[in-house]
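Everything below concerns the one structure shown next.
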Amino acid sequence: MKKELLILKRKKAKELLKEGWNISEIARYLLTRKNSVIKWIRLSDEELLVDNRGWIRGKPRKYNLKAKEEIINVRKELEKEDSYFLVEKWSSKIMRMRLERRYQKTL
């Protein structure tokens, strides 16, 4: 998930909590784990903007060019459908389903 989307989800979690939503409702709405929501609402405003997830800096995942292009295309389709929040939790499953559907074979 892009850093901007993560930050939006964190901010949205805090907003929903202020509106009276409980942790479980927020997690379901944002399609994330309750533990993530709890962690996000405890963050200060400055910490909301810091992204310490993922791979060690300078060591990107290794994909061939065709795989990269397919991942980018599927991601663009998800963005058109406003499926941003699905991407974090289910990204590998969604990508696999989309690619299998596109090529009509099991990966």
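The values are calculated or read from the model by the stated rules, or taken from the named source; none is laboratory data. Please read these numbers as outputs of a predicted model, since none were measured by experiment. Because the Cβ atoms are built from the backbone with ideal geometry, glycine has one as well, and the counts that use them run over all protein chains shown.
Please work out which residue is nearest to LYS12 (Cα to Cα), limiting yourself to the stretch 37-52 and to residues that are modelled with pLDDT of 80 or more and of a type outside the set (A, V, I, L, M).
TRP40
Among the residues of the stretch 1-23, which ones are outside any helix (DSSP H, G or I) and either within 18 Å of the chain's Cα centre (by Cα) or loosely packed, with under 13 Cβ neighbours inside 10 Å (or both)?
Step one: list which residues in the stretch 1-23 are outside any helix (DSSP H, G or I), which gives 1-2, 19-22.
Residues satisfying the conditions are MET1, LYS2, GLU19, GLY20, ASN22.
Would you check which residues across the stretch 15-41 are under 17 Å from ASP51 (Cα atoms) and of a type outside the set (S, T, N, Q) and list them?
VAL37, ILE38, LYS39, TRP40, ILE41
Do you know which residues across the stretch 24-36 are outside any loop (DSSP other than H, G, I, E, B) and either of a type outside the set (Val, Ile, Thr) or at pLDDT 95 or above (or both)? Step through it out loud before you land on a result.
As a first pass, look at the stretch 24-36 and keep what is outside any loop (DSSP other than H, G, I, E, B): 24-30, 34-36.
Result: SER24, GLU25, ALA27, ARG28, TYR29, LEU30, LYS34, ASN35, SER36.
Just a yes or no: is a residue in the stretch 53-67 in a helix (DSSP H, G or I), surrounded by 15 or more Cβ atoms within 10 Å (Cβ to Cβ) and either at pLDDT 75 or above or among the hydroxyl-bearing types (Ser, Thr, Tyr) (or both)?
No.
Taking only pairs six or more apart or across chains, which ones have beta-carbon atoms under 6 Å, a first residue in the stretch 39-51 that is farther than 19 Å from GLU4 by Cβ, and a second residue that is part of a helix (DSSP H, G or I)?
Cβ pairs passing all conditions: ILE41/ALA13; ILE41/LYS14; ILE41/LEU17.
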